[in-house]
Structures are given as structure tokens and as C-alpha cells.
Amino acid sequence: MSFDVIIYCHGTQKTGLGHFSRCFNLALALQKLSASLAFYGQFDVFARSRLEQSGFACLSQLPLCSHPIIVCDDYHFTHVELKELHDAGAKLVIIDDFDQYNFEFIKRIVNFRYQAASLCQVSERHLLDLNYFPFHEDLKAVRAHALKIESAAREISSILLFIGAHDRHKIAARLLCALDNLVNGKRVILVASEQCAFDCKNNRLTQLNFVDDMAGLYCKVDMVISGGGLTKYEAGFCLLPNAAFSQTKQQQLDTEILAEAGLCYDLGLSTATEQTELENRLSLFLSDEFRHQFEKQKSTFSIDSTRHLAQKILEVSDE
């Protein structure tokens, strides 16, 4: 069977679900445009379940004879692997956060990070910035709800800590400790692949592993603190005040750019920030800084970015 688009990514507890999540969001938009598509890669039970529920095939090998568009999203592709796919007839689109795959045979290079042009050697093949951010359709309802709330009067009663699959430097425990020292009577929801052995004395802690319905979770919280990845973009789209405690230098650079634009609050790079400094920064964010993000978020994110990206990808079929 041939497909218009094949999405090549991974979604397991080991790889994390960030790449899978944004590819899945893109797939839903491509499906709405009547494109036939399938997924190829390594997927755990959670990811396979989502694919099956949405009617997406999961391939055991790549059918290249029909010269499909292949959307690739992973940090570990090699030039040799991608060139082999190209030489076999595939039309390659790659989601590339760091411009590491800027090869002449790639048809489109997608980098939806804010001010991505400043981080790339820009060409006509690039699709850059938040105009191409692939969010889930359900987040529109979260955003619409936030628009009804007066930003200046927002009360913080529930805080989401989203760490995801990789807690490289035990930041969940550090953030929980800082929050428990700074606020009282809040509901704190921690999403991380491993349970955190922490006794909240001043707040109510709920711990979750992977979450199937992120939109539903965002609806239940008033603030988001992340480990520096995709979540800060989703929170910004949803008009939720958010801060990031970055786990890698690349995430930290991205967070600094967002923070300078008023779209995220920078809690620092986890490996270079002492606990006292973390608490000082978090205290400033909780006291008043979070109220300053709303208007900038509202004017910066586009509610048509996922559809826009899907349309641009399908244009490749005619090249």
C-alpha cells in the first residue's frame, strides 16, 4: 500500500514522547487535508494506542517505490541514512531544532522555535518560527478559555510541573522542594516518567506518568513549569503563565530567547543553578512576573500554524 506521507519518528519511554507528540499533531492536520499517511519507527504501548485510535498505520518497513514524502523527526539521523532514503526516491522533510540536517537534498527543514532564523543558515527550504508550530487541535479550546479570564486577576491554585521522560538532573525533586518552600495550599501536579520520592508538607501533590489528554490537563492548571522542552511552547499557545528550568544548554538557549520576548520565564540551566538561586527566581515568577506573559503570548502564537505546516509539507509532492 502506498501513502502520501510517512512520518518517521520514535515514541518510547526511552526516547521520550516529545518528537512523537508533535508528529502526531502534524499527522492529524495532514489527515484533515485528506492525505493518506502512516508512521514508521519504534513505539511503545502508549504511542501505538494513540496511532490505532486515530486510524494511523504503523509500518514495519518503509515503502519507497511510490516516492512518498517522509517527515523525519529525531536527533540521531545520520547523513548516510537520510541520503539513502533520498536516493531511493523519498522526498524528505525534516523537523530540525538545531539546523543539524541542513543538507541540500532535504526538501523542507522545519524549525518552529521562536526566532529560529537567528539560529539557522536560512534557505528557501526552511519553514521557520511559530507560524509552523504543530499543536494539537484540542489546545484551541484551552486557549479560548484562557482568553475569557482577565490575566491580571488570574489566581494560581494549581501548578503543573512537566518533566516528561527524561529527568536528567533530578530537577523534579528540586522544583517540588522550591515550590513547597514558597507556596501553601496549592495543588501541584507532577508529570514525569518516574515517581519522585518527595513529601509535600505545604501543598497537595499528584504524580502522573504519561498523559493521554494534555489539553484536559492544561484546562485544570493555572501555571506550568517545565523542564525546558516542547511544553513551554504548548503552555504559551494556551496562554498559560509558564517558566522553564532547562536540562540542556540547547534548551537553555531557547528558553533565554523566549524569556527575552516575554513568552516564558527563565529559571536557569539546572546544572548551573544552585537551589537558593532557583528559589529566588521562582519566587519572583510566582509573585508577579507571571502576569506579564499573557498579552505577548496572545499576539505571538497563531491558531492556524499546524494547518499551515501541513499545507507546506504537501506542496513537496509536486516537486
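The values are calculated or read from the model by the stated rules, or taken from the named source; none is laboratory data. Note that this is a predicted model, so its numbers are computed, not measured. Ideal geometry is used to build each Cβ from the backbone, glycine not excepted, and the neighbour counts take in all protein chains shown.
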Q.
Return the residues of the stretch 285-302 that are charged (D, E, K, R) and in a loop (DSSP other than H, G, I, E, B); say none if nothing qualifies.
A. 288
**Q.** Hits in the stretch 166-190 - residues which are outside any helix (DSSP H, G or I), at pLDDT 95 or above and touching a helix residue (DSSP H, G or I) at 6+ places or on another chain (Cβ under 9 Å)
**A.** 183, 186, 188, 189, 190
Q. Across the stretch 279-319, what is the total count of residues that are out of contact with any Ser or Thr (no Cβ under 6 Å at 6 or more places or on another chain) and closer than 24 Å to residue 112 by Cβ?
A. 28
Q) So which residues in the stretch 26-55 are under 13 Å from residue 9 (Cα atoms) and touching a residue at least 40 places away in the same chain (Cβ under 8 Å)? A) 26
Q | Single residue of 60, 21, 66 found to be without any contact (Cβ under 8 Å) to a residue 40 or more places away in the chain and among the small types (Gly, Ala, Ser) | A | 60
Q: Look at residue 162 and say whether it is at negative phi, surrounded by 15 or more Cβ atoms within 10 Å (Cβ to Cβ) and under 17 Å from the mean Cα position of the chain (by Cα).
A: yes
**Q.** Complete set of residues in the stretch 165-202 that are out of contact with any Phe, Trp or Tyr (no Cβ under 8 Å at 6 or more places or on another chain), touching a residue at least 40 places away in the same chain (Cβ under 8 Å), within 19 Å of residue 285 (Cα to Cα) and surrounded by fewer than 18 Cβ atoms within 10 Å (Cβ to Cβ)
**A.** 181, 182, 183
Q) Given 207, 275, 247, 252, which one is over 29 Å from residue 303 (Cβ atoms), in the same structural domain as residue 146 (by TED's automatic domain parsing) and crowded, with 20+ Cβ neighbours inside 10 Å? A) 247
Q. If we scan the stretch 268-280, do we find a residue that is among the acidic types (Asp, Glu), more than 22 Å from residue 149 (Cα to Cα) and free of Cβ contacts under 8 Å to residues at least 40 places away in the same chain?
A. yes
Q | Condition broken by residue 142, with the remaining ones in (1) buried (at least 20 other Cβ atoms within 10 Å of the Cβ); (2) part of a strand (DSSP E or B); (3) of a type outside the set (Lys, Arg) satisfied | A | (2)
Q. Across the stretch 22-53, what is the total count of residues that are at pLDDT below 95 and closer than 23 Å to residue 312 by Cα?
A. 0
Q: Could you tell me whether the stretch 76-96 includes any residue that is out of contact with any Phe, Trp or Tyr (no Cβ under 6 Å at 6 or more places or on another chain), part of a loop (DSSP other than H, G, I, E, B) and within 17 Å of residue 230 (Cα to Cα)?
A: yes
Q. Which residue out of 61, 100 is under 28 Å from residue 256 (Cα atoms), in a loop (DSSP other than H, G, I, E, B) and either touching a Lys or Arg at 6+ places or on another chain (Cβ under 8 Å) or not small (Gly, Ala, Ser) (or both)?
A. 100
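Each row is one residue, and each column tells you yes or no for (1) outside the structural domain of residue 245 (by TED's automatic domain parsing); (2) of a type in the set (Lys, Arg).
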position: 97; (1), (2): yes, no
position: 104; (1), (2): yes, no
position: 118; (1), (2): yes, no
position: 148; (1), (2): no, yes
position: 158; (1), (2): no, no
Q) Across the stretch 231-252, what is the total count of residues that are over 15 Å from residue 161 (Cβ atoms) and modelled with pLDDT under 95? A) 4
